[in-house]
Every structure is written in C-alpha cells, then in structure tokens.
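The values are calculated or read from the model by the stated rules, or taken from the named source; none is laboratory data. Here the structure is a predicted model, which means the values were calculated and not measured. Note: ideal-geometry Cβ built from the backbone for every residue, glycine included; neighbour counts use all protein chains shown. Side chains are part of the model used for accessible areas, which takes the heavy atoms of the whole protein and leaves out ligands, DNA and RNA. Shrake-Rupley method; radii C 1.70, N 1.55, O 1.52, S 1.80 Å.
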Amino acid sequence: MANQEGDHYISYLDQQGKYRGLLAWLLSTDHKRIGLMYFYVIATFFFIAVSLGLLMRTELIAPGETIMSPQTYNGLFTVHGIIMIFIIVIPGLSVVFGNFFLPILIGAKDVAFPKLNLLSFYLFLLGAIMAVLSQFLGDGPPDTGWSFYVPYSVESSTNVIFALTAAFILGFSSILTGINFIVTIHRMRAPGMTFMRMPLFPWSIYATAWIQVLATPIIGITLLMVVAERAFSIGFFDPALGGDPILFQHLFWIYSHPAVYIMILPAMGVVTEIFPTFSQKPVFGYTAIAISSLTIAFIGYFVWGHHMFTSGTSYFSRLFFSLLTFLVAVPSAIKVFNWVATMYGGSIDLKPPLLYAVGFIFLFMIGGLTGLIQGALATNIQVHDTAFVVAHFHYIIFGGMGFAAFAGIHYWYPKMFGKMYNIRFANIAWVVIFTGFNLFYFPQLVIGMQGMPRRYFDYLPQFKTGQVLSTIGSYILVTGLLMMLINLLATRKKGKTAPANPWKGVTLEWQIPSPPPLENFDIIPEIKRRPYFFGESKNEK
Amino acid sequence: MFSEASNVSAGVDKVFAFIIIISLIFLIGISVFIVYTLVRFRRKKGLKAMQFTDNIKLEIIWTVIPIILVLLMFYYGWIAFAPMRKAPPDAMQVKVIGKMWEWIFDYGNGMTSKELVIPLNKAVRLDLVSEDVNHGFFIPAFRVKEDVVPGYNNYMWFIPQYIGNYEILCTQYCGLLHSNMMSKVRVVDQEEYEKWYADLEKASKIPEAEGLIVLRNTGCLACHSIDGSKLVGPTFKDFYGSERTVIANNTETKVIADDAFISRSVYSPDAEIAAGYNKGLMKSYTDVLKEEDLKKINDYLKTLHE
C-alpha cells in the first residue's frame, strides 16, 4: 500500500508481528488495534441493546399485554439499561476513539502502558460477556432496572448477583483505562506540545479519565456491598436487615452521576474536533472549552443528589443540589456557544461528520434544556421518575453521546480504514435517524409531563397517542441505524481508497497516512503552536 | 391555563412555563442561527474562512447571561417548591401504605380504604410508609410526588381545590406489577365525605371473613382480584365451582374448580395452567399455606358469587 507521497509503508491493519491471523489482533498491544477491537465489541452490543429497546417499544404500542409478559418486559429494560450504560455509553468513546486517536493527536507512538491497555480490554470483554450471560443463567434475567435500587435488588429472586459482578468488572476496566490515559497525556505528548497546545479531544479525554479513576471505585464497592447483602444477609441497605435504602441511592449516584460526564465529555471532545475541520477555522474560545471540560468534571461530582429529590432527603440538601445542578449547566451552554461561533464565518462543508455534529448540538440542547426543568425543585416533583426523564437522558445520551459517536465514526472512518464511504447514502441515513429520533423521544417529554411514569409495562388510555408515535419513531430510527451500518460495512468491503487527509484537517492524525502505520509517526513531530491553525491569523501565538 | 387542582399545582405550572419559554427562545434562536450560518458560510470559491479565535467581550456576555437565567430558574423552582414541605399542623392525616402492588389508605382506628377519599379545600397530610420495597406516590393532577421508602417516614401534603377523581400512580420501580400499582383520589364535599367516613367506620366493625384475611396476608390478592378485574392471575369472583379450561401436559382439558383443584393449584401451580396465562408466574405455596388456611380460603371463595 502506498500513501500520498508514494512512500511504501505497512499500515497497522496489515502489520505482521509475532502472531498471525486472529491472534495478531487478540494479542496486539497496538492502541489502534485495541481501539478497533473495542469498536467491534461495542457496536455488536449496541445492536443487541437496540433490539431489546425495539421489543419494548413494540410492547408499548398498545396498552395491556401486547407481545410479552410484564416479567419479560422488566427484564428487558433492565438488560437494555445495563448493556447501554455500562458496556456502551460509559466506556464507548474513550475506549474506541480515545485508544485510537489520543496517542496520534498528541504525537505519541502508543499509550503509556500498552499491556495494561490490553488487560483493560479483556476485563471489559469478560464483564460484557457476563452481563449477557446473566440473561440466561440462574433464575431468569435480572429485573431490578439498571440502577439496582435496594431493597428490591436484594429481594428479587432473579440473577442479580451475576449482573452486579459484571458491572463491577466493567468498572475495573474503566479505572485502568483512565489511569493509562492520564499517564499518557502527562508523559507522552510530543515535544513542544504544552497542555495549552493540545487538541481538545485529548483535553476531554483527560477530564474524563480523572472521573473514571476517582468515581468508579465508589460504584465498585457499592455493588460488592449489595452482593454481600444478598449472599450473606449483611445489612447495609435493606431495612429488613437493619440497613438504609437511601444510603444505597447516595452511593449509587455519587458514581452514576459523574458517569454521565464520563460519557458526554468525550462526545463534546469529538465534535470539537469536527467543527474546525469542516469550517476551516480555528476553534473559537479554545481556553474556555478546555477549562469548561475540567469545570464540568469537577462540579459534576457534587450534583448527584438531584436524582433523589423525591426520595425524602432533607429540605436543605434539595436546595443545595438544585443550585449546583443549575451551575453545572453553564459550562455546557458555553461550549454550545463556542461551537456555533467556531462555524460562524468559516468555509463550511456540510459533510456527514458535520451533519452529525450539528445534530448533536440540537439534540444536546433539548437534553440540556429539559434538564433545567428537572433541576428546578418545583417542576422536578412533577417529572421525576416519568417518561420525561427517560426522554431527557436519551436526548443527552443517545442524541448527545450517540450522535457524537456517529459523527466521530464518519469523521475518522477514512483514517481508520483508509477507505471512503458513500457520502450521499450517509446523508440520507442521517435524515432518517434524526427524524426517527425526534419522533421517538419528543412525545415522551409530553406524556412524561402529563404524568406517565417510567418503567411501565402498561399505561393509561390518555397516554396512547404519545406511546404510539414514540413506537413509530423507534422503527424509523432503527431503519436509519441499519442504513448507516450497511453503508459502513459495504465501505469496509469495497469502498474507494480515501486520501490521507480527505477533510483538509490540520490536527496530527491527518498528517500521517491512512490507515496509519504501526507506530503512527516515523519522526515524532515538533509542535510549535496551538492546534487548529488553518492559515494566517491575527491572534496566533 | 395553570392547573388549580391543588394548592401547589399552579405554582409548579408557572415554573414550567417560565423555564420552557426561556428554553424555547434559546433552542429556536440558536437553531435558526446555526442554519443561517450553514447556508451563509457554505464553502464556495472566493469565500475565505475568517480566522478569529477569541472575543473576550462576547464570551463574558454568554457566560454571565446563562448564569443569571439559571439562578432565576433555581430561585423560582425553590419558591414554588418550599410550601410543599411545610404541612400545616392541623392538616387531616392519612397514612398511606405502599406494598407490592397496591395502595392502602389507613384512616386510623382500623379503618382502611383502597381509595383516598378526602374533603374539598381541607389540607391533607399523607404519611408514606412502605411494607416492602421502594414505591413512589404520585398524583399527577396535584403536582405532588414523594417516594415511599421502607424504614423512612416520608410525607407530603396538599389542599385539593376541585371535586373529582384523580389518578394515583407508583413512580418508583417495584417489581412485576409496578405499572398496575394504581389507585384514585376522590375529592368530595364535606357532607359526602362525612357520609363516606361513617360507612367506612361501620364496615370496619363487621369482622372480615377469615379466608379474606388469609388471602390478603399471603399476598394472593396482588395477582387475583375478588371483584372480577383481571390481574396477573384469574379473578376469584365466580370462581369456586365454575368450569375451568386448563392446560395440563400440553393438552387442554376442562376441570371444575373444587377443593381438590384449588389445592393442586396452590401447591403445584405449574401442573395445570389456566388457559391464557403463562407458566412460572405463580410459585408453589407448599410451606406457606396450611391445609386449614386453604379451607378458610375455600369457604370464603364460595361466598364470592353475585
């Protein structure tokens, strides 16, 4: 294979090492191969969890029992949640794009601890497989919801311990990845690349990694405590054993709220790379974006209590958490303004990655603004634990993190595989996904405000219109997802060769061949200025 | 435009309106601006991208304005919420018991009801108690909700301001029949309330059938109704002595629901499954129900005919 300059080189995809065939992948410590393995595993699980969601939506197309029993439905939303949260959205962007592009973007040959990186992957794989097995082993799939609220999770006769252990192992994988990335960013930056010359995707990975390292141990120990409670009847949380169920909620959300930022920060990082490239313009407010990532990571630790506004916590703590929740909204708003200002005045090429990034802004705004309704104490009371919350976090997680992932895939696909997908078809898939998404989730905001509770197998007749629209939307959405998948799979098989720099990007990944060679750079580049330099600029330092 | 169903509902709705209006202004404003930018600055020959990177004034403005707006939202949200936590001391008290999967309203002195009946324009304080797992007590029309947590004495209060029936829903996931854990609030005028209360008092003095007590304490009524409504399992109304279609060993047969059949259904429920229901939903009550309990149940079931 030849790159654009005509030099011959061997890409990471064709590299022959000590092992051949599949083993060359399974035992590879190359950050790009590990990133791709994560990608395939996560994509597979994503479509499994999407299918579960589709079954749930079909059940809800009419009130009463439609295609399954309530027990099956309760198992479905639990497993849908566990797979989506613990296997896809929390690790997703940082293990796939973080692994693949973090070292390249900072001018390094690999992460700091390649073997540890491979270990993380196998822990991840083990946890993921266990999560799926919990469906089939023991006394039926867990039916506690992904939040495992005690005492139900202690009393349920289903296979809860297995699922908890899976989540625990996934947590360890996450911690190791976090440590690896922190060290990589501190120690492996190319000469001349100060923190303030680092691209913003690595910045977001950096903020994320700190949350992973500091918050994940809390969920680990909490899940172990539930296991101990179930297995040995030690009373931590179950009032029947002398425990405190609210303590569980605190411990659970002390991790699980920061986990929301573990998933959204890298998403913000991905789109922050895309806007400048497709506008041919430097990022607006580089410092503000970098700082707001750290601010979000920091304040994000202190807002967990807003998940418990109706649980009977004290008046003062409700006030405190409501105030902080509102404050954490501000850095996110600043980022939105910065992204828009980055596009303004540029030379905008509306290719699929930018289309997804713009979709991200729109859906993320709806997610964020509906969050304000939940942050305010009075309105929270009405929408807490309703379909409104379900719609809100799908706007953030799927509309935000999901669309950013799709944007990243379309942005970096030619770099990862050296091939270019069909752009027209990708655009059409975007229209279908975007339409389906909004038809799916917007009605749930409405019925949620009217009082439709979440995790309901059945519903009152007044919610039928909203539920039916939502189900139709889900079918459209999945059609779009399949179109996107087919496009990318077809490209992998017989796509046209992509140039090394199809989008005229200026960050380091676009300065090396596609797909990149084993150690990325022949000569480690020296960094002399801030990233996103597209030509003359008065403000250039 | 704002709901006046309870004393707090209008306050909540005003906060909704305030936040939604500001949100819509931002959402629509920014979206329109993005579309404008995409069109106005689309790539074409001769149009060079500007290369500005900062504008401190602009950044300060768009930091300060959101801070002010969110602080206002916080403030209004708090003001409308504050009265919800200050129950007047003379409020009428009802104990709400949540258990899988029903609500029971305890009016004291052994008087319980399946519905919450309350007089118009009187403050009501509900003390929320759970007998098993977490539940959530939610009256959407009144804009009130509070979790029912075992071991905690949570409460809520409100003043109903319109006569009518309002739904009560469970919002904290509690297992199999979470979505069926519903009840009603009936707001009536003082006169009707007193009449209802007197009837409840009378009813509470009539001793309940022993069989009914066994059924309730064993938890049978969560899945089998006594009023003919369909829950997870068949209703007990008109059940005893009727002809049942069951599936045993994969073949459909008909049996009469007599003592022997009921005994088989209780101790090995999966042997004969009522047509239209699934296997595995009911566990065996072998060590739970004694023969004499079963007899009480059968005696009671015999009375459940029109």
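Over all alpha-carbon pairs in the range A:230-365, figure out the percentage whose distance exceeds 21 Å. Of the Cα pairs, 53 percent sit more than 21 Å apart.
Positive-end ranking of A:ALA404, A:PHE442, A:ILE472 along the dipole of the range A:399-541, with charges on Cβ about the Cα centre, is headed by A:ILE472. For B:ASN134, the amide hydrogen comes within under 5 Å of the amide hydrogens of A:TYR152, counting only partners 5 or more places away or on other chains and with H modelled in the peptide plane.
Taking the Kirkwood radius as Rh and the Cα radius of gyration as Rg, the protein assembly as shown has a ratio of Rg/Rh equal to 1.01.
Over all projection directions, the Cα-based convex hull of the range A:327-405 averages an area of 5.6 nm². Accessible surface ranking for B:LYS283, A:LYS415, A:LYS351, B:LYS44, 1.4 angstrom probe, highest first: B:LYS283, B:LYS44, A:LYS351, A:LYS415. Mean per-residue shielding of peptide A:379-392 is 5, counting Cβ atoms of other chains within 10 Å of each Cβ. Counted over the range B:65-106 with a bin width of 10 Å, the fraction of Cα pairs per bin, in whole percents, is 22, 24, 25, 20, 10, 0.
Over the Cα atoms of chain B, what is the Rg over Rh ratio if Rh follows Kirkwood?
1.17
Note on B:LYS184 and B:VAL288: their simple-model spin labels are 3.0 nm apart, each label 7 Å out from Cα toward Cβ. A cut-off under 10 angstrom between Cβ atoms defines the neighbours of B:ASN154, and their net charge, with Lys, Arg +1 and Asp, Glu -1, is -3. From helices alone, the protein assembly as shown scores -17500 deg cm²/dmol at 222 nm; the rule is -39500 (n - 2.57) for each run of n ≥ 4 DSSP H residues, then divide by the residue total. Take the accessible area of B alone and of A alone, subtract that of the pair with a 1.4 Å probe, and the total buried over both chains is about 7200 Å². Using the Stokes-Einstein relation with a Kirkwood hydrodynamic radius computed over Cα pairs, the translational diffusion coefficient of the range B:92-205 at 20 °C and a viscosity of 1.002 mPa s comes to 151 µm²/s.
Set the Förster distance to 56 Å, then compute FRET efficiency between B:THR245 and B:ARG85 from the Cβ-Cβ distance, nearest 0.05.
For R0 = 56 Å, the calculated efficiency reads 0.55.
Partner shielding of B:5-16 amounts to 3, given as the average count of beta-carbon atoms from other chains within 10 Å of each residue beta-carbon. Applying a length cut-off of 30 Å (Cα extent along the axis) and a mean Kyte-Doolittle floor of -0.5 to the DSSP H helices of chain A leaves A:31-59, A:160-187, A:200-232, A:245-279, A:315-343, A:352-375, A:423-450, A:464-494. For chain B, the relative contact order is 13 percent, taking Cα pairs closer than 8 Å that sit 6 or more residues apart in sequence and dividing their mean separation by the residue count. In terms of its Cα atoms, the range B:167-208 spans 36, 29, 11 Å along the principal axes, sorted from long to short. In order along the range B:25-37, phi translates into HN-Hα couplings of 4, 5, 4, 5, x, 5, 4, 4, 5, 5, 4, 4, 4 Hz, rounded to whole numbers, per the Karplus curve 6.51 cos²θ - 1.76 cosθ + 1.60 with θ = phi - 60° and x for Gly and Pro. Summing +1 for each Lys or Arg and -1 for each Asp or Glu among the other residues whose beta-carbon sits under 11 angstrom from that of A:ALA24 gives +1. Structural size metrics of the range B:9-85, computed from C-alpha coordinates, are Rg and Dmax of 18.9, 64 Å. The convex hull built on the alpha-carbon positions of the range B:189-306 has an orientation-averaged projected area of 8.8 nm². For the residues B:ARG85, B:ARG264, a 1.4 Å probe over the protein chains yields an accessible-area ranking, largest first, of B:ARG264, B:ARG85.
Beyond 24 Å between alpha-carbons counts as too far, so tell me which of A:LYS528/B:LYS44; B:LYS95/B:LYS295; A:LYS351/A:LYS419; A:LYS335/B:LYS57; B:LYS254/B:LYS302 fall in that bin. Listed pairs above 24 Å: A:LYS528/B:LYS44; B:LYS95/B:LYS295. Within the range A:25-511, all pairs of alpha-carbon atoms sorted by distance into 20 Å bins from zero give the percentages 24, 60, 16, 0.
Residue by residue along A:304-311, Cβ atoms of other protein chains within 10 Å of the local Cβ number 3 on average.
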